[in-house]
Amino acid sequence: TTTVYRDEDADSTYIEDKTVAVLGYGSQGHAHALNLNDSGVDVIVGLREDSSSWPEAESEGLRVETPDVAAAEADIVQMLVPDTIQPAVYEAIADGLEAGDTLQFAHGFNIHYGQIRPPEDVDVTMVAPKSPGHLVRRTYQRGEGVPGLIAVYQDATGDAKEQSLAYAEAIGCTRAGVIETTFQEEVETDLFGEQAVLCGGVTELMKMGYETLVDAGYSPEMAYFECMNEMKLIVDLIYEDGLMGMWNSVSDTAEYGGITRGEYVVDDEYAREGMEQVLEEVQNGEFAREWITENQTNRPSYKQLRAAEEGHEIEDVGGRLRELFAWEEQREEVPADD
Ligand code: NDP
Ligand code: MG
Ligand code: MG
């Protein structure tokens, strides 16, 4: 079984005398920088000169420099700018990586697909909270944490894993639990999951369900509620208590219908083949090549597909209904604490 690392497995001496450059102050960046700082680690935030986040980070008491200056001074450089920007930022900071320094990531894409090639005498590691940045920060402030991953791609010093665990502790992840993976596994499972199931699979399923009802003459409002809005309620049940928790909460009719009819849609031939193809294109690098080329050519397909998604009728109908029913307000009544 997988080892889950907790606070007692992390040795903070591996990070306490180090200086960490956190490059970027977005979702992950602000959370890492503030948590490290609160944990007593020396932090420099790396931002471009015209960054709107610069004054914000300074107002939180953090020191801010341009990425090259921050990285040159630091022992650990944590790359928290968008993945598509990282290769360019790496070019700007590469000279500041000395033997024994650490180049660290929260996602392995650029290392795994060869877009960043660090020198052999630096450690290359990953510390990746499995959560959006605002929760990384908010849970830390409550004395809790979010689960995280660590991985070692290159261990020049012999301390790469210990130091990753110490970093994970300093941002709060070992309070919740940390597991070790590899860059390859993190990247391939992450891309597969978001493409086949989480982002791609779920949105196609909802749109197709909606279209099937509306094409058959049912009202768009009913179709939106049944095929999109209620998704959250079902997923919340699964998140809390697994598949059986969900099946136990819905009616027996829903359970029997779901168990017998779900496979009509996500069938064992076509849908499974589709998933296997998604995985293959992740594994053989075809997806990565396509996405890198998109980014090098100003994203022509991405822009076009995004416009089509924005124009889908379910977005109009959903937008109107979400305004009418004011879910936002209901959500805010739930105490932010749990
Ligand atoms: P964001 O998009 O939130 O990061 C934006 C930050 O990057 C801003 O501070 C921005 O500053 C800075 N930035 C953008 N372009 C440049 C540039 N050219 N030079 C310097 N700084 C720049 O990123 P995320 O936090 O979402 O992602 C960071 C990493 O974390 C990624 O590898 C991602 O895969 C990973 N990750 C993200 C998770 C998430 O929930 N978001 C979860 C787990 C991992 P400016 O003000 O200058 O624009
Ligand atoms: Mg350095
Ligand atoms: Mg992802």
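The values are calculated or read from the model by the stated rules, or taken from the named source; none is laboratory data. As the structure is a computational prediction, the values presented were derived from the model and not from experiment. Every residue, glycine as well, gets a Cβ built from its backbone with ideal geometry; the counts of neighbours run over all protein chains shown.
The figures follow:
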item: Conditions (1) touching a residue at least 24 places away in the same chain (Cβ under 8 Å); (2) away from ligand 2 (no atom under 16 Å from the Cβ); (3) more than 19 Å from the chain's Cα centre (by Cα): number failed by E58; result: (1)
item: Residue in the range 72-81 that is in contact (Cβ under 8 Å) with a residue 40 or more places away in the chain, in a loop (DSSP other than H, G, I, E, B) and under 22 Å from P132 (Cα atoms) present; result: yes
item: Selected residue (criterion: nearest to A33 (Cα to Cα)) from residues of the range 162-181 that are within 16 Å of the chain's Cα centre (by Cα) and part of a helix (DSSP H, G or I); result: A168
item: Hits in the range 58-77 - residues which are small (G, A, S) and surrounded by 16 or more Cβ atoms within 10 Å (Cβ to Cβ); result: A70, A71, A72, A74
item: Matching helices (runs of 4 or more DSSP H) fully within the range 227-283 where at least 2 residues are touching a residue at least 24 places away in the same chain (Cβ under 8 Å); result: 270-283
item: Failed criterion for M222 (all others in (1) aliphatic (A, V, I, L, M); (2) crowded, with 20+ Cβ neighbours inside 10 Å; (3) more than 16 Å from ligand 1 (Cβ to nearest atom) hold); result: (2)
item: Residue in the range 296-307 that is of a type in the set (A, V, I, L, M), outside the structural domain of P87 (by TED's automatic domain parsing) and modelled with pLDDT of 90 or more present; result: yes
item: Set P118, P55: member being surrounded by fewer than 15 Cβ atoms within 10 Å (Cβ to Cβ) and in the same structural domain as G158 (by TED's automatic domain parsing); result: P55
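Listed here are the residues, each with its yes/no results for (1) surrounded by 19 or more Cβ atoms within 10 Å (Cβ to Cβ); (2) free of Cβ contacts under 8 Å to residues at least 60 places away in the same chain; (3) not assigned by TED's automatic domain parsing to the domain that holds L62.
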residue	(1), (2), (3)
T2	no, no, yes
D11	no, no, no
T19	no, yes, no
V22	yes, yes, no
Q28	yes, no, no
L34	yes, no, no
D38	no, no, no
L47	yes, yes, no
D50	no, yes, no
